[in-house]
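As structure tokens, the structure follows; a few thoughts come after it.
The values are calculated or read from the model by the stated rules, or taken from the named source; none is laboratory data. Please read all numbers here as calculations on a predicted model, not as lab measurements. Cβ: placed from backbone, ideal geometry, glycine included. Neighbour counts: every protein chain shown. SASA here: full protein model, heavy atoms, side chains in, ligands and nucleic acids out. Shrake-Rupley method; radii C 1.70, N 1.55, O 1.52, S 1.80 Å.
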Amino acid sequence: MATQHSASLYVGDLHETITEALLYEVFREVGPIISIRVCRDAASRKSLGYAYVNFQNAIDGRLYFLFYF
């Protein structure tokens, strides 16, 4: 039985108003998502302009690039 591995997808050049909820709406079509994290400044909590989308299966992260780029 093959073991499935999760995948973390870096998403950069994000506008400061992009939220986890918006990213979820965009990426949920690709496959099951474990978590989404928009990286923020510790003091101001402003977005640093990048995020990580963690997919349940590594293949889902790779498929995003095949279909959308």
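For the stretch 1-18: of the residues being part of a strand (DSSP E or B) and hydroxyl-bearing (S, T, Y), which is nearest to F55 (Cα to Cα)? The selected residue is S8. The conditions of being out of contact with any Ser or Thr (no Cβ under 8 Å at 6 or more places or on another chain) and in a loop (DSSP other than H, G, I, E, B) are not met by A21. Scanning the stretch 1-56 for residues that are open to solvent by 90 Å² or more (accessible area, probe 1.4 Å) and in contact with a helix residue (DSSP H, G or I) (Cβ under 6 Å, 6 or more places away or on another chain) yields a total of 1. In the stretch 19-32, the residues that are polar (S, T, N, Q) reach residues that are surrounded by 14 or more Cβ atoms within 10 Å (Cβ to Cβ) with C-beta atoms within less than 7 angstrom, at least six apart or across chains, in these pairs: T19/V38.
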